[in-house]
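Read the figures in this text as sums done on the coordinates, not as results from a lab. Only a predicted model underlies this, so the values are computations on that prediction, with no experimental measurement involved. FYI the Cβ positions are ideal-geometry reconstructions off the backbone, even for glycines, and counts take in every protein chain you see.
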Amino acid sequence: MQKRWQMAVVLLITVVIAFLDRLNVTYIIVALSKENNWSEAEIGVKGGQLTSFFYLAYGVSNMLLSPLGAKMGARASIMLIIVLWSVFTVMGAWFSQFFGLMLLSRVLLGLSEGLHYPMMNQLSQRWFPLQERSRGNGIWTVGIFIALILGPFLLIPLIREYGWRNMFYVLAVLGMAISLPLVYFFVYDSPEQHPRISAEELAYIQQGVEPNPENSSTKQSLLKLFQSPLLLLALAASALNNMVAHGLLSWMPTYFVKARGLGETELMYALAIPYACSIGAVWFWSFLGDKTSKRILLACIGFFFTGISLVFALQLETLPTVTIFFCFTIIFITSYVTAEYAVAQKIIPQSMIVSGVGVYNGISILAGGTTGPAIVGWVIAQTGSYTYGILSLSSFCFVAAFVLWLLSRKMHY
């Protein structure tokens, strides 16, 4: 296998393990509530804090620490943050009896993981020619969905057999024993630095990559860039997407246990099946968007039906029908996932793509990733209903559809 594809597969593995570290807390909220005798209101508030504080730190890191990572280099940065996020995962288990310290571990985990995506984007830019860029990015991006599928089947049995703290320790070991050595042996900051790359592959990469856009003399100010109505609409849609996506990620396991009364086996399938559908949906929406050049309109329609599907999923009684409509929810929201960065890259000038996308990601996560789980938790705390908590996310789906409709009228892409 050529070195650039080896690197992409290694990055995929790091994404899977990092995302499992990120998701682990969503599987233990019920156990934590029993250990600490939390009321239903406390479950809503503290469960929301454990997820929202992570995304708050993650968004800040994405915006502010990326320049530091760029100075260190992608390889060294990724190796460092693998060590850090493994340590902070262990810290969450060690200090779980002190909620404030466990919350701190989530903040530190978010700060460390926030550098992961900017550094992988830098590697993709340097290693993959333009004609391969989507495939190169796609390999490691699909790690998110693999983690979402594997999560229930890996983490729930670990919790059942060994307890949730030992599950945290296993994830930390996976990072140190698998991700760290793989990055050390197979990831290099540039093709020129790789000691085992062939002359043919090196020449092919050098002919196909564009100059580093951050060195362009035509760079505009970020302030001026983010005054663009098109980018502001795109950013609003991204924040709303993060509210819905992270709200679902953070609360679906607890919803299925507390509101639906699922056992461990049922829970594993109820969580994994919808995200398994997302892998096929990515290819479907990508093909349709490229074929029709109506990515924004497709995302608008997709978000509208995401809201409809979510409402139906929460009203139905039997587990198979609930799971089917959660599958539709994930399939429809994927219409936006496949369009988001294509739209952002169309709006942001090439000379600012790295810094522009970094700030775009950070603001989107801060505005959406932190508030989505917190809003669900607040609704649960106020109403005592997990169904109402998840249902609150449907309103943001319809708002996102409206924002994307406005964007589609101004930008045909």
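What to note about this one:
- Over the chain, Cα pairs under 8 Å with separation of 6+ residues give a relative contact order of 27 percent.
- Per residue, the convex hull spanned by the alpha carbons of segment 228-413 comes to 108 Å³.
- Over 18 Å between alpha carbons, listed pairs K291/K410; K34/K258; K346/K410; K46/K258; K294/K346: K291/K410
- Protection proxy ranking, peptides 148-158, 108-118, 197-207, average beta carbon neighbours within 10 Å, highest first: 108-118, 148-158, 197-207
- For segment 275-385, the Kirkwood hydrodynamic radius comes to 15.9 Å, computed from all pairs of different C-alpha atoms.
- For segment 1-190: relative contact order, % (alpha-carbon pairs under 8 angstrom, 6 or more apart): 40
- Calculated SAXS-style log₁₀ I(q)/I(0) at q = 0.09, 0.10, 0.13 Å⁻¹ - segment 43-156, Debye, Cα scatterers: -0.29, -0.36, -0.60
- Extension gain, S228 to R196: 0.36 nm times the residue separation minus the Cα-Cα distance gives 7.0 nm.
- Taking 0.692 mPa s as the viscosity and 37 °C as the temperature, the Stokes-Einstein diffusion coefficient of segment 1-190 based on its alpha-carbon Kirkwood radius rounds to 192 µm²/s.
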